[in-house]
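Before any comments, here is the structure.
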Amino acid sequence: MRHVELKDGADLDGFRRALRGLVALGVDPDEVAWSGGAAPSLFGAIAETGTGPLPADAPPVSLPRPVGALIETVVCHRDPERYALLHRLVWRALRGERDILDHHADPLVHRLAMLDKAVRRDLHKMHAFLRFNEVRDPDGAERYLAWFEPDNFIVEATAPFFVERFESLVWTILTPVGSLQWDRRSLTFGPAAARPEGLDRDDRFAEGWQRYYESTFNPARVNPTAMRAEMPRKYWANLPEAAAIPAMIRSAPARVQAMVEAEAAAPRHRNPDKAVAAMARQEPATLAELNRIIRAADPLVPGATQAVLGEGREGAAIAIVGEQPGDQEDVEGRPFVGPAGQLLTRALEEAGIERSAAYLTNAVKHFKFVARGKRRLHQSPTAGEVKHYRWWLMKELGFVRPRLVVTLGATAALALTGRSVSVLRERGPMGFGDWSGVVTVHPSYLLRLPAGEGADQAYRDFVADLRQAREMVEGAG
Amino acid sequence: MDDALLDKLEILADAAKYDASCASSGAKRRTGGPDGIGSTTGAGICHAYTPDGRCVSLLKILLTNYCLFDCAYCINRRSSNVRRARFSVEEVVRLTLGFYKRNCIEGLFLSSGIIRSPDYTMEQLMLVARTLRRDHGFAGYIHLKTIPEASPWLIEQAGLWADRLSINLELASDRSLKEFAPEKDGTSIKAVMGQVGERILEAKEEKRRFSPAGQSTQMIVGADASTDLSVLETSDTLYRRYGLRRVYYSAFSPIPEASSALPAKPPPLQRENRLYQADWLLRYYGFTVEEIAAGGESGMLDLGIDPKLAWALKNRERFPVDVNRADREMLLRVPGLGARAVDKIVEARRHTSLRLEDVARLSSGLKRARAFLIAADHHPGGLTDRADLRQRLVAPPKQLSLF
Ligand code: SF4
């Protein structure tokens, strides 16, 4: 018989070392007595007579991943047999049963699954039922302290959860099987501790939590069995709110009886008729009100400096809708002031439209970009983003009441029609529901064309579209 | 936290508790890092249970219980004489962070009575979420109950900050809604569900964050005359058409200051329980609404037994099934076998021919399942067809309700 002595608690490193040695020597699990953990070993007296020490530098054992994961949780269990069971599992996995964990009905696998489940549940309950209390440091700094009594050796295993969640706080967790301390930078594992005195003495949030707990309970549904299944009594001692449970259960039937017996009472207050009537008038009533809403709203994709609102007067005959503000528009807060905007202004003039007489706006109100070094590269809005902004655009046009809407580029056409439009193929007059309209290209498309006859022709076509828009308005007027 | 705030907390938690949902699941993983606070884990955590057996996961409060609407089933309707209170945006933020830092909650479930206008109210809700996220780097869970009468843009802004949005349908039929909630309108509620569902799908495709844990709703059962069949048909439509993540059922509960329009006595809590079981069969076990309803009588589920057993008892010709041979779909229909147990069975039987004691290790529901199962060493014989099978399987009824 070989005797392996591990440290108290969850000695994963010790177990790994021992396992490597045992596997290297091919020791049968029946030949090993393990000690360590909560219970003193029965085999404490047995020396490793005649067997010699385990090799210190045995190579790692290659195990199926699920077996490795199972070992990591099961070593946390307080069952003194855990190491022996795990050794047996490894022994079998290495002797032809590599997918042993799929044999759910196998007694060994089943027993280990139960241990695994118990540890997971314990971890989960510690994440759930541990309560921090704020303790005042002499220097007034925010610091938190908790006391918890887990069933198994899970204190180290639970640390990543608390560090991740409360990384920005300074806290200490004390338990009877070890402690954790986090100072916002590093984690320290400490020895077992005793329950600290007067934990929630001056923490008013602890009191607030108890009041909340009592208020959120519905006495008409009292069901203590269901509660105890998930929150067994053993946890109550460390949950401040649990002190109220007996009284809550006791008073529930009387509270319900009173509710059922109470006659329906006539309202004591007068019906707030005026307020109810006023409630219906919530839509923005003017363009200025709508613009205030747009300005206060957050961009859908974070990054933009500000919302760029439409420009021009209400009642303008022509509304021109672009895609979204660019880099320069984002900084200045005005539409069409960048290179594409300048090109648009020139083309409008050539088409006989005065820029100041038109209403200019964008389908999407915020600049979307990716940062490349110092430069902010424009990114087209997605169809979903266009739909987010569509409600505003429609309201906006509703206030402006143009006689005709010109859409520049595919995004604007999508916003007005709700479908994807091939601008080059479908350019020209198109109905947009309540408005008649003209579809044309976006001036930034013209800027991207290589200089030459093709680009010149494209510009002339653009001006022609705008001219047609003007003629449609004049014809209709 | 001063006394005045404590009092408000009591009123506004009391007013919020009739919403059944408290789930904090389904969020994408996220952490607050060294400058923020909090994390979401995906599965969600229940930080306590109240003596009604319900999970306390989120700080579930109303921004205010003043309300201009007059929904008969609701304790906060304008004609009720309940005590009223109102939080400021800042106060909700402070409470959420305070409880969160003490590890009492996973986050916030915020809802509100309607004050001034639906838009004003919705904006206040949105501002709470935005302040938590943007000004405090809060990475915990946020569930906002949207006001369906608010403007679309406000609901869409809320989706930028929340993990989950919910829109309560409250009553299964449009007619009941008209009768009990005169200011509400079933068609527009569903239109908003459609809008939110569309935004969620688009955001997922375009890899943006918009209510990443989906949307949910709640229906009150037992306040109107809707049958279980019509409730389940509504749920089925909501799951299919609007991609809802969850439908919650809430047995109408007697409230202080009840309206005379409602029944004084609540429906048995068991009805709610059966609806949840039926809902699971619908979503994870391949049952149709018609099959589930056929297990009961005239559109109501059998309160005495769970809907899967009810279906099996009426379809005995399909049993017993062989645990070593039947396909997954059929195993899922065996009373007592849950989806997890079925998956383990399918995996384990590849290695060995399963006997009854093996099945017992994989499922805790063997007592019910054995009458419907063939195993290597077991055949139920005539048991499956015995006239008194139901009596044999059902423990004497336990009264859940206190009445
Ligand atoms: S809108 Fe209806 S359900 Fe909502 S708080 Fe007001 S009265 Fe209650």
>> Compute the angle between helix A:82-94 and the longest alpha-carbon principal axis of chain A, please, reported from 0 to 90 degrees and rounded to the nearest 10.
In response: 70
> What order do you get for A:59-70, A:10-21, B:106-117 when each peptide is scored by the mean count of other beta carbon atoms within 10 Å, highest first?
Replying inline: B:106-117, A:10-21, A:59-70
>> Rounded, prolate or oblate, given the Cα gyration tensor of the range A:204-265, with a/c below 1.5 counting as rounded?
In response: oblate
> Based on the Cβ-Cβ distance from B:D35 to B:K207, what FRET efficiency comes out when R0 is 22 Å, to the nearest 0.05?
Replying inline: 0.35
> Listed here are the pairs A:K374/B:K101; A:K234/B:K101; A:K395/B:K60; B:K60/B:K184; B:K101/B:K207; which of them are more than 28 Å apart at the Cα?
Replying inline: A:K374/B:K101; A:K395/B:K60; B:K101/B:K207
> Under a straight-distance cross-link criterion of Cα-Cα below 25 Å, which lysines are reachable from B:K204, leaving out those fewer than 8 residues away in the same chain?
Replying inline: A:K365, A:K368, A:K387, B:K28, B:K145, B:K190
>> Using a Cα-Cα cut-off of under 25 Å, which lysines could be cross-linked to B:K314, ignoring same-chain neighbours fewer than 8 residues away?
In response: B:K367, B:K398
>> Taking θ = phi - 60°, what integer Hz values does the Karplus form 6.51 cos²θ - 1.76 cosθ + 1.60 yield along the range A:273-286, in sequence order, with x for Gly and Pro?
In response: 4, 5, 5, 5, 5, 5, 4, 5, 8, 10, 5, x, 9, 9
>> Need the full-extension length gain, A:R228 to A:E474, defined as separation in residues times 0.36 nm minus the C-alpha distance. One decimal, nm.
In response: 80.7 nm
> What nm distance separates the two modelled labels at B:R355 and B:L383, each placed 7 Å from Cα along Cα→Cβ?
Replying inline: 1.6
>> Could you tell me how far the Cα centroid of the range A:116-158 sits from the Cα centroid of the range A:358-423, in Å?
In response: 51
> Just by accessible area at a 1.4 angstrom probe, what is the order of A:F166, A:F369 from largest to smallest?
Replying inline: A:F369, A:F166
> Is the shape of the range A:296-401 rounded, prolate or oblate, going by the alpha carbon gyration tensor and its root eigenvalues a ≥ b ≥ c, with a/c under 1.5 for rounded and a/b larger than b/c for prolate?
Replying inline: oblate
>> Starting from the 7 Å offset along Cα-to-Cβ, what nm value, one decimal, do you get for the label separation of A:S420 and A:L25?
In response: 6.9
>> If I ignore ligands, DNA and RNA and count only protein heavy atoms, how much of B:E272 is accessible to a 1.4 Å probe, in Å² to the nearest 10?
In response: 20
> Going 7 Å from the Cα of A:A458 toward and past its Cβ, which residues in the range A:421-437 have a backbone nitrogen under 17 Å from where you end up?
Replying inline: A:422-428
>> Using DSSP to call loops (not H, G, I, E or B), can you name the trypsin sites (Lys or Arg not before Pro) in the range A:73-140 whose Cβ has at most 15 other Cβ atoms within 10 angstrom?
In response: A:R95, A:R98
>> To check you understand DSSP bridge types, tell me what percent of the beta bridges within the range A:272-476 (both residues inside) are antiparallel, rounded to 5.
In response: 45
> Antiparallel DSSP bridges in the range A:130-190: what percent, to the nearest 5?
Replying inline: 75
>> Around A:R20, under 13 Å between beta carbons, what's the net of Lys plus Arg minus Asp minus Glu among the other residues?
In response: 0
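At 0.36 nm per residue, and after removing the present C-alpha to C-alpha distance, how many nm does the segment from A:S62 to A:E314 gain when stretched out fully?
Result for the pair: 83.2 nm of gain on full extension.
How high is the relative contact order of chain A, in percent, with contacts defined as C-alpha pairs under 8 Å that are six or more residues apart?
Working: 669 pairs, mean separation 39.9, N = 477.
Relative contact order here is 8 percent.
For the protein assembly as shown, give me the percentage of DSSP beta bridges that are antiparallel, rounded to the nearest 5 percent.
40
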> Rounded to the nearest 0.05, what FRET efficiency is calculated for A:A141 and A:A280 with R0 set to 45 Å and r the Cβ-Cβ distance?
Replying inline: 0.30
> How many Cβ atoms of partner chains, on average, are near each residue of A:128-136 if near means within 10 Å of its Cβ?
Replying inline: 4
> How far apart, in nm, are the 7 Å Cα→Cβ label points at B:R240 and A:A159?
Replying inline: 5.3
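Ordering B:C71, B:C46 by accessible area with a probe of 1.4 Å, largest first, what comes out?
The ordering from most to least exposed comes out as B:C46, B:C71.
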> Is there a simple number for the mean count of other chain Cβ atoms within 10 Å of the Cβ of residues in B:97-107, and what is it?
Replying inline: 6
> Rounded, prolate or oblate: which fits the range A:74-230, taking a ≥ b ≥ c as square roots of the Cα gyration tensor eigenvalues, rounded meaning a/c under 1.5, else prolate when a/b beats b/c?
Replying inline: oblate
>> Accessible area of the range B:315-393 with a 1.4 Å probe: how many percent of it is carbon plus sulfur?
In response: 44
>> Using Cα-Cα distances under 8 Å and only pairs 6 or more residues apart, what relative contact order does chain B have, in percent?
In response: 11
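Residues of chain B: accessible area per residue at 1.4 Å, in Å²?
37
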> How much accessible area does B:C55 have with a 1.4 Å probe, in Å² rounded to the nearest 10?
Replying inline: 40
> Looking at the range A:158-204, which GluC sites (Glu not before Pro) are in a loop (DSSP not H, G, I, E or B) and have at most 10 other Cβ atoms within 10 Å?
Replying inline: A:E197
>> Can you tell me the orientation of helix A:383-400 relative to chain A, as the angle in degrees between its alpha-carbon axis and the longest Cα principal axis, to the nearest 10?
In response: 40
> What average number of partner chain Cβ atoms lie no more than 10 Å from the Cβ of the residues making up B:12-21?
Replying inline: 3
> Using a 1.4 Å probe, how large is the accessible area of B:E317, given in Å² and rounded to the nearest 10?
Replying inline: 140
> In degrees, nearest 10, range 0 to 90: what is the angle between the Cα axis of helix B:339-348 and the longest Cα principal axis of chain B?
Replying inline: 50
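The values are calculated or read from the model by the stated rules, or taken from the named source; none is laboratory data. For clarity, every value in this text was computed on a predicted model and none was experimentally measured. Every residue, glycine among them, receives a Cβ derived from its backbone with ideal geometry; neighbour counts consider all protein chains shown. Note: accessible area is taken over every heavy atom of the protein model, side chains too, but ligands, DNA and RNA are not part of it. Shrake-Rupley method; radii C 1.70, N 1.55, O 1.52, S 1.80 Å.
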